[in-house]
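A quick write-up on the structure given underneath.
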Number of protein chains: 2
Amino acid sequence: MPESPIRKLVPFAEGAKKRGVHVHHLNIGQPDIHTPEIALNAVRNYPEKVIAYSHSAGMLSLREKLVDYYRTVNIDISADEIIVGAGASEALLFAFQSIMDPGDEVIIPEPFYANYNGFATNAGINIVPIFSSIETGFALPPIEDFEKNITSKTKAILVCNPNNPTGYLYSKDELETLRLLAKKHDLYLIADEVYREFTYDGKQHFSCMHLKGIENNVILIDSVSKRYSACGVRIGWMVSKNKELMAIAMKFAQARLSPPTFGQIAAEAAVDTPEEYFDEVIKEYIARRNTVVKGINGIKDAYCPNPEGAFYVVAKLPIDDSDRFCQWLLEDFSYENQTVMLAPASGFYSTKGRGKDEVRISYVLNVVDLNKSIAVLDEALKVYPGRTN
Amino acid sequence: MPESPIRKLVPFAEGAKKRGVHVHHLNIGQPDIHTPEIALNAVRNYPEKVIAYSHSAGMLSLREKLVDYYRTVNIDISADEIIVGAGASEALLFAFQSIMDPGDEVIIPEPFYANYNGFATNAGINIVPIFSSIETGFALPPIEDFEKNITSKTKAILVCNPNNPTGYLYSKDELETLRLLAKKHDLYLIADEVYREFTYDGKQHFSCMHLKGIENNVILIDSVSKRYSACGVRIGWMVSKNKELMAIAMKFAQARLSPPTFGQIAAEAAVDTPEEYFDEVIKEYIARRNTVVKGINGIKDAYCPNPEGAFYVVAKLPIDDSDRFCQWLLEDFSYENQTVMLAPASGFYSTKGRGKDEVRISYVLNVVDLNKSIAVLDEALKVYPGRTN
């Protein structure tokens, strides 16, 4: 089981705090946005006297509510095409285990969400990374790069859309390219769309479920964690129209009995969150993204693309080694008694050596704190001993 | 992933209900006992505005509360010797994955909890069953039977105590025997003690954590599901004093981020459930067990031991095939418009052909319904076409 590069930094962050230094946490995907009241109230008012096992696929009423939700984003599915898990984490693990045998391969554009490594290890499968570049803003790599990495062991392609860690929002055209590839080689196309609602600059999200003619090859991974700022309820799910696949996934679901009941109650109610909640959240995230992108690009020799989704950016900095730099920020640096905790991008690349001059910044803090963080980073880069130019 | 024999019966139970037949569910481990109010209130009054990820090992306040709980049963551990999972299911999976590589073996007395098969498949390991007999009330099999099945691939012995499905409560002497064996061969001794509080006839539970001199080999699996009738909160945990093992298990825990927050809130509060709650629950379960044991033994050619724990019995019936019998009960039989749903014991044996004349009965219904169920079973056995004598 691989160690997360962020986890390794935790003791250093604790050290900084012990020295009285304020640490701005730009390293995590835990939003500071409030969970909708409607979700919290549903749990507060849950009338049952026995907190019993639910259906292994998740409560039917939750799955029916999700069907309603998907209708609002033009996705037409039924309740038996959903299996609810303890977070998208478990749902993706079910998907991996259901479609692959140990030793099989899934192709993923890198940088990618570091926890995919854990799920792959858990399922005994291998991730084959395809390089995507900061120069293109982390757009989908050329399809030839996918094609030349397809072997007899390749079973699936996985994209996270909008992307963690890059914030990149894949276009309809890019999804169509993947559709052709998946169809040609009869591969599964897995799309992790947990950040679906977080798209900016008027851009619309195009879902893998909107693709025509490869319905049996598509697996959608989704969650309430980010959408409703409810990471702790641990409710995610997989969606597929492939009945055979869903029957196999159900056995994995049954083996662990059921997903958490309280979380399902919160998730079901959350679907009724009023539109205004999102309007405000999106407005806030756009302001935050703009702050970070403008801030980073204002730092000498630093570069940050302007991604249109999620709440992350991957930025390029004039540094020798992002792991060392992120540790140094916590261990040896402070400015006006503050420092920042960033995620070294190396942890999001499967190919050794990549991401050494990149960091992931999660803009999960308010604009004031983000501006302070940028100022701290600017000062830090002026004195970092491993600065490259 | 193996199919549970109980799941296969579900469509037939639904069929019976559609025909207007009342089905007494003696097939499940879902108690009808109320979840303690103190646990429900903690969730109702949870003040946080953001339902965030918790610590991957579980909230520190929960783990500290569990340390307090264990002190009351003479088990001395610290909070960092606990990793909380989404139910004992996930905790046991963490344990399997942390101590075994694919292809390794764990020895388990059979009949055993059928879901162990799923966790083993999930971890890519093999279960080696050791036969325990209804003649001895499913006591620990002779230690020679364990010893002759130990190979270079054997990494652990697993017992469920009190046992699901047999209700058998292992004695201190039996645990000491296992201790010697585990020490001699340097094996892990995993004890699933989720039914710890459910012991009858004045018998005391002896925990694997009470064993001296093999502290680094012992793994305790525990849960609030049965203890506080809170199966749906999905909170279980593993306990071990082996620091190296816990460091590996933590990586699996981190890979799935965190256990469910609301469930942890309920679990933490549940530890303060007043003693009287258990006094009443235990009194109720003793009455139920007595009803079932006396009832079964009053049926011609049927036999049921008198187990001292959990809320299950495995009974021997004059039948050709328990899978067929249990299906027939739902599909073709009713008495006064009622029938019973039982778990075929075949599903609890790993060795093919065993358990064909045995069923598991969960006494999770009240005494009145249990008496009705016994009457139904009695009538059914009079007319079942596959009756053996």
Next item on the list: Keeping to the range B:111-140, report how many residues are more than 14 Å from chain A (Cβ to nearest Cβ) and either in contact (Cβ under 8 Å) with a residue 40 or more places away in the chain or in contact with a Ser or Thr (Cβ under 8 Å, 6 or more places away or on another chain) (or both).
Entry: 11
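Every residue, every condition in (1) modelled with pLDDT of 95 or more; (2) open to solvent by 10 Å² or more (accessible area, probe 1.4 Å); (3) among the small types (G, A, S); (4) within 19 Å of A:I6 (Cβ to Cβ), yes or no:
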position	(1), (2), (3), (4)
A:P305	yes, yes, no, no
A:P318	yes, no, no, no
A:D323	yes, yes, no, yes
A:L329	yes, no, no, yes
A:T339	yes, no, no, yes
A:A345	yes, no, yes, yes
A:D357	yes, yes, no, yes
A:N366	no, yes, no, no
Next item on the list: Check off (1) more than 23 Å from B:P162 (Cβ to Cβ); (2) buried (at least 20 other Cβ atoms within 10 Å of the Cβ); (3) among the aliphatic types (A, V, I, L, M) for B:I248 and give me the number that stays unchecked.
Entry: (2)
Note to self: I'm trying to understand the selection: among the residues of the range B:205-235, which are open to solvent by 10 Å² or more (accessible area, probe 1.4 Å), outside any helix (DSSP H, G or I) and modelled with pLDDT of 95 or more?
What the structure shows: B:H205, B:F206, B:K212, B:G213
Note to self: Return the pair list, or none, for Cβ contacts closer than 7 Å from residues in the range A:327-347 that are under 12 Å from A:A380 (Cα atoms) and in the same structural domain as A:K17 (by TED's automatic domain parsing) to residues that are assigned to a helix (DSSP H, G or I) and polar (S, T, N, Q), at least 6 apart or on different chains.
What the structure shows: A:V340/A:S373
Check: Out of curiosity, is A:I82 of a type in the set (V, I, T) and more than 24 Å from A:L181 (Cα to Cα)?
Finding: yes
Notebook entry, point to check: Just for the range A:15-37: of the residues that are within 13 Å of chain B (Cβ to nearest Cβ) and open to solvent by 50 Å² or more (accessible area, probe 1.4 Å), which one is nearest to the chain's Cα centre (by Cα)?
Noted result: A:I28
Item checked: Every residue from the range B:362-389 that is under 19 Å from B:V21 (Cβ atoms) and among the β-branched types (V, I, T) -> B:V368, B:I374, B:V376, B:V383
Next item on the list: With respect to A:E81, determine if the residue is within 23 Å of A:F252 (Cα to Cα) and of a type outside the set (V, I, T).
Entry: yes
Margin query: Looking at B:K49 and the list (1) over 30 Å from A:F252 (Cβ atoms); (2) of a type outside the set (A, V, I, L, M); (3) in a helix (DSSP H, G or I), which single condition is not satisfied?
Written below: (3)
Notebook entry, point to check: Out of the range B:1-32, which residues are of a type in the set (S, T, N, Q) and in contact with a Gly (Cβ under 8 Å, 6 or more places away or on another chain)?
Noted result: B:S4
Check: Say we look at the range B:298-327 and pick out the residues that are of a type outside the set (G, A, S) and in a helix (DSSP H, G or I); which of these is nearest to B:S373 (Cα to Cα)?
Finding: B:C326
Margin query: Can you pull out every residue in the range B:33-81 that is of a type in the set (D, E, K, R) and closer than 28 Å to A:Q264 by Cα?
Written below: B:E37, B:R44, B:E48, B:K49, B:R63, B:E64, B:K65
Item checked: Within the range A:250-269, tally of residues that are under 30 Å from A:Q204 (Cβ atoms), in contact with a Ser or Thr (Cβ under 8 Å, 6 or more places away or on another chain) and more than 9 Å from every other protein chain (Cβ to nearest Cβ) -> 1
Next item on the list: Identify all residues within the range B:359-383 that are under 11 Å from B:L26 (Cα atoms), basic (K, R) and outside any strand (DSSP E or B); write none if there are none.
Entry: none
Item checked: Complete set of residues in the range B:221-237 that are without any contact (Cβ under 8 Å) to a residue 60 or more places away in the chain and away from chain A (no Cβ under 14 Å) -> none
Notebook entry, point to check: Which of the residues that make up the range B:9-46 are assigned to a helix (DSSP H, G or I) and farther than 29 Å from B:R256 by Cβ?
Noted result: B:L9, B:P11, B:F12, B:A13, B:E14, B:G15, B:A16, B:K17, B:K18, B:E37
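The rows are residues; the columns are (1) of a type in the set (S, T, N, Q); (2) within 26 Å of B:V233 (Cα to Cα).
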site: B:S61; (1), (2): yes, yes
site: B:A79; (1), (2): no, yes
site: B:A86; (1), (2): no, yes
site: B:V106; (1), (2): no, no
site: B:P111; (1), (2): no, no
site: B:I130; (1), (2): no, no
Next item on the list: Could you tell me which of the residues A:I150, A:I143, A:I130 is touching a His at 6+ places or on another chain (Cβ under 6 Å) and more than 30 Å from A:P260 (Cβ to Cβ)?
Entry: A:I150
Notebook entry, point to check: If you scan the range B:62-93, which residues turn out to be at the interface with chain A (Cβ under 10 Å from one of its Cβ atoms) and of a type outside the set (A, V, I, L, M)?
Noted result: B:G85, B:G87, B:S89, B:E90
Next item on the list: Look at the range B:171-194 and say how many of its residues are part of a helix (DSSP H, G or I), farther than 30 Å from B:A315 by Cβ and open to solvent by 10 Å² or more (accessible area, probe 1.4 Å).
Entry: 5
Notebook entry, point to check: Restricting the search to the range B:251-262, which residues are of a type outside the set (A, V, I, L, M), assigned to a helix (DSSP H, G or I) and modelled with pLDDT under 95?
Noted result: B:K251, B:F252, B:Q254
Item checked: Any pair with Cβ under 8 angstrom, 6 or more apart, that starts in the range B:276-289 at a residue that is open to solvent by less than 60 Å² (accessible area, probe 1.4 Å) and ends at one that is assigned to a helix (DSSP H, G or I) -> B:A287/B:V367; B:R288/B:V367; B:R288/B:L370
Checklist line | Residue within the range A:13-29 that is in contact with a Lys or Arg (Cβ under 9 Å, 6 or more places away or on another chain) and charged (D, E, K, R) present | finding: no
Notebook entry, point to check: Is it the case that B:K49 is at the interface with chain A (Cβ under 8 Å from one of its Cβ atoms) and exposed (fewer than 14 other Cβ atoms within 10 Å of the Cβ)?
Noted result: yes
Checklist line | Sole residue being in a helix (DSSP H, G or I), among the aliphatic types (A, V, I, L, M) and closer than 20 Å to A:I28 by Cα, chosen from A:I282, A:I248, A:I265 | finding: A:I282
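The values are calculated or read from the model by the stated rules, or taken from the named source; none is laboratory data. Keep in mind it's a predicted model, so treat the numbers as computed, not measured. Please note: Cβ atoms are built from the backbone with ideal geometry, for glycine as well, and neighbour counts cover all protein chains shown. All accessible areas refer to the heavy atoms of the entire protein, side chains included, with ligands and DNA or RNA removed. Shrake-Rupley method; radii C 1.70, N 1.55, O 1.52, S 1.80 Å.
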